[in-house]
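Below is one structure; the comments refer to it alone.
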Amino acid sequence: MELDYVRHFVRLAETENYLEAAEDLFMAQSSLSRHIKSLEKELGAPLFERTTRKVVLSDFGKAFLPYARKMLEIQEECSRELRGYLDSAASVISVASIPAMAHYRITDVLAGFQRENPGYRLNVTEADTARIWELLETGKCECGFVRTADGCAVPEGMKQIPFTADHLVAVLPAAHPLAGEKKVSLGMLKQEKFLFLDRETSMYAICMNACRKAGIEPEVAFTGFRGDNLIDLAAKGMGVALLTRRPIEYGTEKSVALVDIEPSVVTEVCLVYSGKRKRSEVVKQFILYVKNHKE
């Protein structure tokens with residue numbers, strides 16, 4: 001049943017005049033008459049008793065009128081609710097980020113954007129870079145803060161905005177012969193056992209690429225998800241951990257030494273988003289905010 005025809009029926013029932021109803025509905029009188037006849041045919045009975053001067057509701061039309069009005073009320077309520085849902089959805093942005101958000105000022109950016117844009121809402125997911133690429137590819141998030149480095153593949157079609165940078169350090173036991181050095185090469189550590197973050201993380205790939213670029217195939221004695229476990233194992237002499245400096249340089253126990261890798265292995269933290277997908281206004285505003293607050 002055409003709801004527009006139902007609306008036309010209700011207006012004609014209220015005016016009892018084809019010309020007046022047609023003018024109110026901004027349509028031709030012939031079109032209104034055609035729509036009413038189509039509705040009567042669908043319902044199986046006449047809705048009006050026609051005279052030379054006006055039309056009045058038939059008994060069948062009187063029975064149908066309250067239901068017709070209810071149908072229009074439900075349509076309006078549905079449209080209103082759906083408009084509200086779409087308006088709400090348009091004001092939400094899904095952002096993913098690597099775990100070390102506080103150390104790279106990502107939390108500052110998220111909180112600052114939310115504070116300055118109270119009409120928008122951020123949904124934030126913490127994940128490793130590899131997982132963030134998947135979320136972006138599938139549209140489950142609209143942008144994300146990832147860690148990249150030389151040798152790390154970036155999916156086709158992704159755009160990047162450099163946000164900040166960091167570099168690798170060797171985490172050595174305090175008693176290690178090289179613990180007092182300011183810098184060490186990976187070649188100087190080739191006889192060591194290495195402690196890396198999990199094989200599925202971007203950091204594992206960065207560390208492996210750095211070692212191979214230095215001409216060594218590292219003996220990986222442990223992989224895990226938490227940097228503090230790697231640091232504790234290094235302190236206990238279980239191997240040398242490779243981690244980025246900023247998340248671990250504050251609060252690290254004196255039982256380990258953080259020594260920069262030479263030549264420097266730089267990692268960039270970037271905001272990334274798909275260049276293939278149309279960006280909403282809130283995403284555009286967030287990208288601009290990040291650009292204005294990058295280091």
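The values are calculated or read from the model by the stated rules, or taken from the named source; none is laboratory data. If you're wondering where the values come from, they're calculated on a predicted model, not measured in any experiment. Counting neighbours? That spans all protein chains shown, and the Cβs are built from the backbone with ideal geometry, glycine included. Heads up: the accessible areas ignore ligands, DNA and RNA and are worked out on the full protein's heavy atoms, side chains in. Shrake-Rupley method; radii C 1.70, N 1.55, O 1.52, S 1.80 Å.
Of the set (1) in contact (Cβ under 8 Å) with a residue 12 or more places away in the chain; (2) open to solvent by less than 50 Å² (accessible area, probe 1.4 Å); (3) closer than 21 Å to MET71 by Cβ, all apply to PRO46 but (2).
Would you check if there is a residue in the stretch 263-281 being open to solvent by 10 Å² or more (accessible area, probe 1.4 Å), touching a Leu at 6+ places or on another chain (Cβ under 8 Å), closer than 19 Å to GLU181 by Cβ and outside any loop (DSSP other than H, G, I, E, B)? No; the residues of the stretch 263-281 include none that is open to solvent by 10 Å² or more (accessible area, probe 1.4 Å), touching a Leu at 6+ places or on another chain (Cβ under 8 Å), closer than 19 Å to GLU181 by Cβ and outside any loop (DSSP other than H, G, I, E, B).
Residue by residue, here is whether (1) under 30 Å from GLU268 (Cα atoms); (2) at pLDDT 80 or above; (3) open to solvent by 80 Å² or more (accessible area, probe 1.4 Å) holds:
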{"site": "THR52", "(1), (2), (3)": "no, no, yes"}
{"site": "ALA63", "(1), (2), (3)": "no, yes, no"}
{"site": "GLU73", "(1), (2), (3)": "no, yes, yes"}
{"site": "GLU76", "(1), (2), (3)": "no, yes, yes"}
{"site": "GLU81", "(1), (2), (3)": "no, no, yes"}
{"site": "TYR85", "(1), (2), (3)": "no, no, yes"}
{"site": "ALA96", "(1), (2), (3)": "yes, yes, no"}
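Among the conditions (1) part of a helix (DSSP H, G or I); (2) under 28 Å from GLN191 (Cα atoms), GLU249 misses just one, which is (1).
Condition check ((1) part of a loop (DSSP other than H, G, I, E, B); (2) touching a residue at least 60 places away in the same chain (Cβ under 8 Å); (3) in contact with a strand residue (DSSP E or B) (Cβ under 8 Å, 6 or more places away or on another chain); (4) charged (D, E, K, R)) across all residues:
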position: LYS140; (1), (2), (3), (4): yes, no, yes, yes
position: VAL146; (1), (2), (3), (4): no, yes, yes, no
position: CYS152; (1), (2), (3), (4): yes, no, no, no
position: LEU168; (1), (2), (3), (4): no, yes, yes, no
position: ALA179; (1), (2), (3), (4): yes, yes, yes, no
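From the list THR125, THR129, the one residue that fits, being open to solvent by less than 10 Å² (accessible area, probe 1.4 Å) and either among the hydroxyl-bearing types (Ser, Thr, Tyr) or touching an Asp or Glu at 6+ places or on another chain (Cβ under 6 Å) (or both), is THR129. It is to be established whether one or more residues within the stretch 219-230 are open to solvent by less than 30 Å² (accessible area, probe 1.4 Å) and touching a residue at least 60 places away in the same chain (Cβ under 8 Å). Checking the stretch 219-230: not a single residue is open to solvent by less than 30 Å² (accessible area, probe 1.4 Å) and touching a residue at least 60 places away in the same chain (Cβ under 8 Å).
Here VAL171 does not fit the description of being out of contact with any helix residue (DSSP H, G or I) (no Cβ under 7 Å at 6 or more places or on another chain) and either surrounded by fewer than 18 Cβ atoms within 10 Å (Cβ to Cβ) or modelled with pLDDT of 95 or more (or both).
Return the total of residues in the stretch 138-158 being surrounded by fewer than 15 Cβ atoms within 10 Å (Cβ to Cβ) and either on the phi < 0 side of the Ramachandran plot or in contact with a Leu (Cβ under 6 Å, 6 or more places away or on another chain) (or both).
Here the count works out to 7.
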